[in-house]
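A short worksheet on the structure shown next.
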């Protein structure tokens with residue numbers, strides 16, 4: 001019952017090694033290969049997802065930067081057109097002011113010329129009057145009375161004229 | 001009832017199946033060896049069937065079963081070995097399956113190969129070699145030799161004795177349990193020939209056989225874990 005046979009022990013050892021080899025080659029290796037392939041796939045999928053996420057993040061940043069730039073540009077444009085508007089306004093107002101001044105100056109000048117003309121006309125009329133009066137005096141006989149009357153008439157006419 | 005005759009037949013039967021007529025029977029092959037060839041053949045066919053046509057996606061049921069078996073068995077031995085002994089878990093799975101399958105041979109009316117002392121001796125020999133090899137691999141020869149004097153120099157003889165005691169206890173435990181179960185089953189069959197042996201067979205042939213396989217692997221794993229710490 002307890003007879004030990006070396007050969008049988010050796011056989012069992014060989015049996016075990018063979019079984020181990022079978023398990024290793026046909027079970028563990030195959031299953032491990034499948035599991036490893038699955039793990040690799042998951043890892044790969046994870047990597048690509050991360051990559052995509054990074055890309056999306058970058059795009060988002062780009063777009064927000066562009067948006068900021070556009071805002072800035074827009075503001076600049078508005079400022080520029082505002083500035084242009086103010087400049088135009090100033091220019092128009094200045095021009096109008098200049099024109100008005102010119103008109104005033106011209107008007108003043110015209111008025112002066114008119115006044116001079118009237119003055120000249122008055123002076124020439126007065127001269128005529130004096131000449132006529134002198135003629136009348138020279139023609140008519142004259143005494144103190146008529147002189148006085150004539151003189152008054154002349155003054156009166158002159159006043160009347162100057163009015 | 002001829003209990004003595006039964007025991008004689010069971011324990012003293014001629015185990016030699018294939019006899020070679022030279023060197024006084026040195027190369028004789030026991031029945032247990034032939035039986036374990038059968039066990040190995042069945043296991044190999046089963047594995048080949050389960051793992052044929054493996055795919056990464058859309059796996060078949062048999063592939064799922066194969067993966068489940070690998071995961072579960074590795075889980076069992078990993079739980080016993082821990083991270084340090086990770087590399088030995090596959091071997092422990094093989095031993096677990098081999099002893100378990102060998103013990104279940106009783107279900108088919110054969111005497112289990114583990115009832116032959118030569119088989120259990122070979123198994124425990126492999127275990128102690130693996131344990132010491134793991135220790136040497138982990139610590140290096142010098143440290144491994146020093147580890148015999150730990151924790152105290154005075155117990156060095158004990159530690160050396162353990163080299164022989166451990167495989168002997170492994171070997172005898174497995175052998176004794178299986179032969180005990182078989183003897184009890186045979187006696188039961190003699191006393192009550194029907195129904196009762198079937199119920200007890202559940203315990204002695206299936207449960208006890210698997211428990212003994214587990215115990216053998218558990219103890220070997222324990223030794224490996226101790227060696228690689």
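Things worth noting here:
- Among the residues making up segment A:17-40, those that are out of contact with any helix residue (DSSP H, G or I) (no Cβ under 6 Å at 6 or more places or on another chain) and facing chain B (nearest Cβ under 7 Å) are A:18, A:24, A:34, A:37, A:38.
- Test for residue B:127: is it under 21 Å from residue B:229 (Cα atoms) and part of a helix (DSSP H, G or I): yes
- Against the numbered list (1) more than 14 Å from the chain's Cα centre (by Cα); (2) farther than 25 Å from residue B:84 by Cα, residue B:209 comes up short only at (1).
- When A:83, A:36, A:112 are checked against the criterion of being closer than 30 Å to residue B:90 by Cα, out of contact with any strand residue (DSSP E or B) (no Cβ under 6 Å at 6 or more places or on another chain) and either at pLDDT 95 or above or part of a helix (DSSP H, G or I) (or both), a single residue qualifies: A:36.
- Residue check, residue B:213 modelled with pLDDT under 90, in a helix (DSSP H, G or I) and closer than 24 Å to residue B:98 by Cα: no
- When the test is whether a residue is in contact with a helix residue (DSSP H, G or I) (Cβ under 6 Å, 6 or more places away or on another chain), away from every other protein chain (no Cβ under 14 Å) and surrounded by 13 or more Cβ atoms within 10 Å (Cβ to Cβ), residue B:134 passes it.
- Selected residue [under 30 Å from residue B:132 (Cα atoms) and within 22 Å of the chain's Cα centre (by Cα)] from B:153, B:164: B:164
- Among the residues of segment B:39-68, those identified as under 22 Å from residue B:123 (Cβ atoms) and either in contact (Cβ under 8 Å) with a residue 12 or more places away in the chain or facing chain A (nearest Cβ under 8 Å) (or both) are B:39, B:40, B:42, B:43, B:44, B:47.
- Looking only at residues of segment B:99-124 that are crowded, with 24+ Cβ neighbours inside 10 Å and not in a helix (DSSP H, G or I), we find that the one that is farthest from the other protein chains (Cβ to nearest Cβ) is B:112.
- Of all residues in segment B:147-159, those satisfying the criterion of being over 17 Å from residue B:222 (Cβ atoms) and surrounded by 12 or more Cβ atoms within 10 Å (Cβ to Cβ) are B:148, B:149, B:155, B:156.
- Residue in segment B:163-185 that is outside any helix (DSSP H, G or I), crowded, with 18+ Cβ neighbours inside 10 Å and either within 14 Å of chain A (Cβ to nearest Cβ) or touching a helix residue (DSSP H, G or I) at 6+ places or on another chain (Cβ under 7 Å) (or both) present: no
- Filtered residues of segment B:69-85 (kept if at negative phi and more than 10 Å from every other protein chain (Cβ to nearest Cβ)): B:72, B:75, B:76, B:77, B:78, B:79, B:80, B:81, B:83, B:84, B:85
The values are calculated or read from the model by the stated rules, or taken from the named source; none is laboratory data. As the structure is a prediction and not an experimental result, all values here were calculated from the model. Positions of Cβ are generated from backbone atoms using ideal geometry, with glycine treated the same way; all protein chains shown enter the neighbour counts.
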